[in-house]
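The values are calculated or read from the model by the stated rules, or taken from the named source; none is laboratory data. Computed from a prediction, not measured in an experiment: that's the story for all the values here. When we count neighbours, we look across all protein chains shown, and the Cβ atoms used for this are built from the backbone with ideal geometry, even at glycine.
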There are 4 protein chains.
Amino acid sequence: MHKGRLEAFSDGVIAIIITVMVLELHMPTSAGLPALRAVAPKLLLYLLSFVFVAIYWNNHHHMFQAARRVNGAALWANMHLLFWLSLIPFVTDWMGERFGPIPVAAYGVVMISAAIAFYILSRVLLAVNGPDSPLARALGRDHKAIASLVIYAVAVALALARPWLAVALYVVVALIWLVPDRRIERVLEAVRD
Amino acid sequence: MHKGRLEAFSDGVIAIIITVMVLELHMPTSAGLPALRAVAPKLLLYLLSFVFVAIYWNNHHHMFQAARRVNGAALWANMHLLFWLSLIPFVTDWMGERFGPIPVAAYGVVMISAAIAFYILSRVLLAVNGPDSPLARALGRDHKAIASLVIYAVAVALALARPWLAVALYVVVALIWLVPDRRIERVLEAVRD
Amino acid sequence: MHKGRLEAFSDGVIAIIITVMVLELHMPTSAGLPALRAVAPKLLLYLLSFVFVAIYWNNHHHMFQAARRVNGAALWANMHLLFWLSLIPFVTDWMGERFGPIPVAAYGVVMISAAIAFYILSRVLLAVNGPDSPLARALGRDHKAIASLVIYAVAVALALARPWLAVALYVVVALIWLVPDRRIERVLEAVRD
Amino acid sequence: MHKGRLEAFSDGVIAIIITVMVLELHMPTSAGLPALRAVAPKLLLYLLSFVFVAIYWNNHHHMFQAARRVNGAALWANMHLLFWLSLIPFVTDWMGERFGPIPVAAYGVVMISAAIAFYILSRVLLAVNGPDSPLARALGRDHKAIASLVIYAVAVALALARPWLAVALYVVVALIWLVPDRRIERVLEAVRD
């Protein structure tokens, strides 16, 4: 099965998710600076979600570039990931409009689910491509993924008492991933040479 | 005629349909758990429609991978399918906001129409590709499609008296299709070898 | 300059235009049949616009398949076409919500502009590809395009007195184009042989 | 790393941005000409933003066509550009609904940020592709980019006193770029020969 169309479909869905969030940004209610200032926290939460979706696209891109084969299970594991990603605009909007313990915790739950979905997808791809595929070497042991899950779990618990602190932890996870994953790139280059 | 651009356009439309439904999800009206609980049935209906659209994408993907040729009639049969799929966000939203006999039956009517459109598309592709093409072997006799149509028809009738039971039947159809269609994959692999 | 990315971008924009119109369909205000009946005219206008956009995609697809080369002027002529197509959801929505002389005439003006933009695009592509390219043979003399423009102009004038009659003329134009343009396909096949 | 998927993803995001703005156009509140006239300024601002996004797509297309290689830094520089472009519908909407000094200045700030993001992306690509790549020759010294930045800065300052004059300056920048960048095309052709 060719992976090209799966990549193209995922690109489409992720491109829509990342752009649709802007539609949810209600425009300031007047033309003045105070109105813009009132929208500022929502703009920052939008930026945070933009970065998260961008990170997923980057990792998705790297992982599929290293994968040689996909199968029906991979299609569904990918759909499962896209489902959780598609809820990011919903929880971002909720958190932005009604900041508080439950919406911030809900954001974290969606993030945990997406992270687990990505992990499942990587295992399915690994099973199709075999243990000595470039993908296997590229994925390696994923300290970052485990760290993210732990921080997300702490953030969800913390959200119920200190929602802004939970958001700070989400920012920490984003920063962990913003450091480009040179490991995969290095393996890909080694394979090419 | 190359099938590449038809696939790319369909990917775009289906990606938008699957993501646009999230836009229709009105965010909970407050920050509390009861507000989230009030949204929960809509989230589940969104999940159901997500799964249906994902099934269509999967089957579309498999069918076009087995097809060697497309023609003008196939372009229009595909547009016809996309039209019915594009109504899924509309009926999902209606059913979610105003749960009741008519909206639930309308959902089923759109589903039946999409299923018929998919069947027409498969026959058009079969006519172009010939009776001994890989596509012909891949499609075979489609018990699942006939079963789905029958269940949909029962559900539409049932919706007028017991809407939730009709939704349960829609879930049954989704489950029938979630079992991956190994048949087509097997034929594709046999052809490749 | 490769035409691939221009095609992909156009596919994306047209896919969004064709799907976005569903978002504009406000869901029936209650769960009953009368509410659905009240939405029915809007659904039919949506279907009409869906068919128009589908026709443009089909013709765009055929034309670019026959084109061997694109240049900077073709990029802009294509953007010009996409601009007018992007207004179709806007006028469809206006016509659907506030049916009357001005909205129906505005719909026709957007249709005329899109038709002229398509004509300009075809001439620009013709100039790049040369008078004895497959594209030149595929385009030939375009009776349909001229007939459409004349009917649109009559419809715009008529809209001010009899809006429903103007809509009937729009349907006539759609039917003219729904007949697949076998000419281009025939030339493409001849070239391939 | 292949540039194909980065181009496809960017195409998707830019296609959505350019089309989403139409969704923000609230339909005229009645069926009469005065209602259409009331929407006219917003339509013109939409046209302006459409042209800006089209210019970005064109330049993005030309630049990536000349680039042979991309790396992780280029992925993120591209995401950074897409982030600023994704805010264009937001500021266009704000400027259209609440015309005044702050919204018009905010539009300019987003435009300056997008221009800087494009510059950063071009430098990152230059670093990957080397000083004697076709890209290096294609980019050359960019008088247009510097002129745009200066005019944007003047416009932002001017917006606080004379918002319509600032919009006029935005139009000037758009016109500067509408002149097709023949330089890059010429170099590409020279390379091909």
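One table, with the values for the structure above:
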read-out	value
Pairs where the first residue, in the stretch A:148-168, is under 17 Å from A:W94 (Cα atoms) and the second is polar (S, T, N, Q) and part of a helix (DSSP H, G or I), C-beta under 7 Å, 6+ apart	none
Residues that are closer than 20 Å to D:M21 by Cα, more than 7 Å from chain B (Cβ to nearest Cβ), of a type outside the set (D, E) and in a helix (DSSP H, G or I), drawn from the stretch C:15-44	C:I17, C:V20, C:M21
Matching residues in the stretch B:127-153 - criterion: being farther than 15 Å from B:I116 by Cβ, of a type in the set (A, V, I, L, M) and surrounded by 14 or more Cβ atoms within 10 Å (Cβ to Cβ)	B:V128, B:L135, B:A136, B:A138, B:L139
Given (1) of a type outside the set (F, W, Y); (2) touching a Phe, Trp or Tyr at 6+ places or on another chain (Cβ under 9 Å); (3) at the interface with chain A (Cβ under 9 Å from one of its Cβ atoms), index of the condition B:L48 fails	(3)
Candidates A:I120, A:I102, filtered to the one that is within 11 Å of chain B (Cβ to nearest Cβ) and more than 12 Å from the chain's Cα centre (by Cα)	A:I102
Whichever residue in the stretch A:66-98 is part of a helix (DSSP H, G or I) and β-branched (V, I, T) and, among such residues, is surrounded by the fewest Cβ atoms within 10 Å (Cβ to Cβ)	A:V91
Counted residues, the stretch A:157-193 - those being under 19 Å from A:Y56 (Cβ atoms), in a helix (DSSP H, G or I) and either at pLDDT 75 or above or among the charged types (D, E, K, R) (or both)	14
Positions within the stretch B:99-136 being touching a residue at least 12 places away in the same chain (Cβ under 8 Å) and in a loop (DSSP other than H, G, I, E, B), in sequence order	B:F99, B:G100, B:S133
Condition broken by D:A115, with the remaining ones in (1) over 28 Å from A:V39 (Cα atoms); (2) away from every other protein chain (no Cβ under 14 Å); (3) at pLDDT 80 or above; (4) surrounded by 17 or more Cβ atoms within 10 Å (Cβ to Cβ) satisfied	(1)
Complete set of residues in the stretch B:53-98 that are free of Cβ contacts under 8 Å to residues at least 60 places away in the same chain, small (G, A, S) and away from chain C (no Cβ under 13 Å)	B:A54
Residue in the stretch D:26-42 that is touching a residue at least 40 places away in the same chain (Cβ under 8 Å), among the small types (G, A, S) and over 21 Å from A:F52 (Cα atoms) present	no
Residue match in the stretch C:41-60 (condition: touching a Pro at 6+ places or on another chain (Cβ under 6 Å) and β-branched (V, I, T))	no
Single unsatisfied condition, C:A8 versus (1) without any contact (Cβ under 8 Å) to a residue 12 or more places away in the chain; (2) within 15 Å of the chain's Cα centre (by Cα); (3) within 12 Å of chain B (Cβ to nearest Cβ)	(2)
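Yes/no matrix, rows are residues, columns are (1) over 17 Å from D:S86 (Cβ atoms); (2) within 17 Å of the chain's Cα centre (by Cα); (3) surrounded by fewer than 21 Cβ atoms within 10 Å (Cβ to Cβ):
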site	(1), (2), (3)
D:A15	no, yes, no
D:T29	yes, no, yes
D:P34	yes, no, yes
D:V39	yes, no, yes
D:L43	yes, no, yes
D:S49	no, yes, no
D:V53	no, yes, no
D:Y56	no, yes, no
D:M63	yes, yes, yes
